[in-house]
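The values are calculated or read from the model by the stated rules, or taken from the named source; none is laboratory data. On a predicted model such as this, the values are computed, not experimentally measured, just so you know. All Cβ positions, glycine included, derive from the backbone under ideal geometry; neighbour counts span all protein chains shown. The accessibility values were calculated without ligands, DNA or RNA, using every heavy atom of the protein model including side chains. Shrake-Rupley method; radii C 1.70, N 1.55, O 1.52, S 1.80 Å.
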Amino acid sequence: MEATMLTLTHIADTHLGHRQYGLKQREDDMVSTTRAALQEMVGERDTDAILLPGDLFHSRDLRPKVLDQVEQELSRVPDDVPVLVSRGNHDENLTPREVTWLNYLHRRGHIVFLKADLEADSETARFEPYNPEDPGDHAGFYDIEVAEFDGPVRVFGLQWRGARTGQALQQVAHGIQATNAEHGEPAATVLLAHFGMEDEVPTLGGTVTHAELRDVKEHVDYLALGHIHKRYDAAGWIYNPGSPEAHNTREGHHDWEHGYHSVALTTTEDEAETAVEYEVDHHPTKRRPYCRVEFDVTEYDSPSELEAGFQDHVRGEQSRIDEYCRKEEFTAQGDPRAPIIDLRFSGTLQFSRGDFRTDELAEWAKEECSALYVQVNTGIRTADVQQLISEIDEDEVFQDGRLNTAALEHRVFETIAKESIYDKQAEDVAEVLGNAHQMAQAEEAIEDIRDSVSSARRDLFPELADDVVLDIDEDPFSDTDTDGEESGDGGASGEADDEAEVMQQ
């Protein structure tokens, strides 16, 4: 039995241009991590093609510097190694512009932009072949010719479809079958797509089940996924490598694997036929480390006692943090990268929330741990909030035997605001929070919610308007277990949770 090798590399969700926490260094991290991965692929892995199923960019509105960096990195990939890209939800939403940056890079020859024509026929997607002489704005599929194989390795692309993914997959299954009938059967078939698998990562907003992929499986050997930033493999043909960089604190946790796949295709021959098989290996990317520090506030009766206890606790964690940051994937030129600290407060606070200065504690931890950034997540309760729950007036929150959730919500928001730096205008702050919550429940656009909160904040606190940067990417009122991504006071704290970003990576 003789084997012939073809190597593909599968990377996803590079999110180039993401200035996480408002930090230029994090934007640079996205580029440097992708650069290092591409260098490994082309050099050490000797790849024949690169697969990137979505979210090459973090936003469809690119700064010129980001586009320039991307073109520089892609120009370093040899001309005989195609970079095959499909569209993710961050590259472009469901109402795409006439020309996108993916179209631009395709025209320039930096990538081959693959997408399905889903509009011409409601039952069958159309896939146009890539023509290097006349590439157009995009292609539907790309054939990688391998002399030793009985046919090409054919790569198709399906763009982000959101809630319409199920219908699109049926069109794709019919479209691949029709394409192969017209252009000849391939030796192996790859599909690039951008969605989550509900059965594999049920808490992260996946919308596709294995049942919905049944028809696609008949025609596809390797499903190259992006969208969920955690590595997972499923059913022997579905692969998601995880994003090269973590994009929130939950993704940075040690049980989330990040990196890319190398896919080695071989031929096996017997008397009956020649078959193509593949073997998949995962490779971690060189990236910024996240380190979690958890601190229970319950036993401390005053701010000074809590501060002293907190400092002792962080010093005790220092050796663990140092050891973790020295792992190979977190080093640059042999030196550990400055970590991002995921600082989590829990328990019951025994004094006023207004005296609980998380920003000062975070700034101290940043210096002590030589961290790039400290992301604060507060899951604490206070005695006053607990008392509110126990003593709440039933006549106020129950009307005709039914729970008046708006009244209850307002009381809770007002109590929380009174224990914060906003205590002098607690009533107004509670109204802003309640309005934002109602907008989120009505599934209004996150941009509209952000604008509403920002406008109210400028009106209520004009002296603070330039101090806080909101970085809300998704629904801050999601019912999921969340992790914060809001920037607080210039890099030390942000107490709003937004891991719902994972829901629509």
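Scan around G140 for amide H atoms under 5 Å from its own, H built in the peptide plane at 1.01 Å from N, and keep only partners 5 or more places away or cross-chain.
The answer is K115, E128, Y130.
Need the full-extension length gain, W364 to K24, defined as separation in residues times 0.36 nm minus the C-alpha distance. One decimal, nm.
120.2 nm
Quick one: pull the percent of accessible area on the range 103-146 belonging to carbon and sulfur, 1.4 Å probe, ligands and nucleic acids left out.
Of the solvent-accessible surface of the range 103-146, carbon and sulfur hold 38 percent.
When ligands, DNA and RNA are left out and all protein chains stay put, how many square angstrom of accessible area per residue does the range 265-317 have with a 1.4 Å probe? Each step should come with its number before you reach the end.
Values: 2870 Å² over 53 residues.
Using a 1.4 Å probe on heavy atoms only, each residue of the range 265-317 averages 54 Å².
For a quick check: with amide H placed at 1.01 Å from N, whose amide H comes under 5 Å from L349's, ignoring anything fewer than 5 positions away on the same chain?
R381, T382, A383
Kindly state, to the nearest 0.05, the FRET efficiency for R164 paired with A234, given R0 = 25 Å and r defined as their beta-carbon distance.
For R0 = 25 Å, the calculated efficiency reads 0.70.
Expressed as a rounded percentage, what relative contact order does the range 1-49 have, with Cα pairs under 8 Å and six or more residues apart? It would help to have the intermediate numbers written out before the result.
Working: 31 pairs, mean separation 22.9, N = 49.
Reported relative contact order: 47 percent.
In nm, to one decimal, how far is the K65 label point from the M5 one, both placed 7 Å along Cα→Cβ?
For the pair K65/M5, the computed spacing is 4.0 nm.
Under a straight-distance cross-link criterion of Cα-Cα below 23 Å, which lysines are reachable from K24, leaving out those fewer than 8 residues away in the same chain?
K65, K286, K366
Please work out the average accessible area per residue across the range 41-87, using the 1.4 Å probe convention, and give it in Å².
Ligands and nucleic acids excluded, the figure is 42 Å² per residue.
Working out 0.36 nm times the residue gap between E299 and S319, then minus their Cα-Cα distance, what length gain in nm do you get to one decimal? The partial results should precede the final answer.
On the way: separation 20, 0.36 × 20 = 7.20 nm, distance 2.44 nm.
Gain on extension, E299 to S319, equals 4.8 nm.
What part of the accessible area of the range 1-94, given as a whole %, is carbon or sulfur when the probe is 1.4 angstrom?
Carbon and sulfur together cover 46 percent of it.
If you average the alpha carbon positions of the range 36-73 and of the range 243-270, how far apart do those two centres end up, in angstrom?
Their Cα centres are 16 Å away from one another.
What FRET efficiency do you get for V42 and D281 if R0 is 25 Å and r is their Cβ-Cβ distance, rounded to the nearest 0.05? Provide the component values of the computation, followed by the final result.
On the way: r = 16 Å, r/R0 = 0.65.
Using R0 = 25 Å, I get an efficiency of 0.95.
If I take R0 = 51 Å and measure r between the Cβ atoms of S346 and R76 in this structure, what FRET efficiency does the formula 1/(1 + (r/R0)^6) give, to the nearest 0.05?
Details: r = 46 Å, r/R0 = 0.90.
It comes out at approximately 0.65.
Give me the extension gain from A147 to Y104: residue separation times 0.36 nm, minus the current Cα-Cα distance, reported in nm with one decimal. Write out the running numbers ahead of the final one.
Working: separation 43, 0.36 × 43 = 15.48 nm, distance 3.16 nm.
Stretched out fully, the A147 to Y104 stretch lengthens by 12.3 nm.
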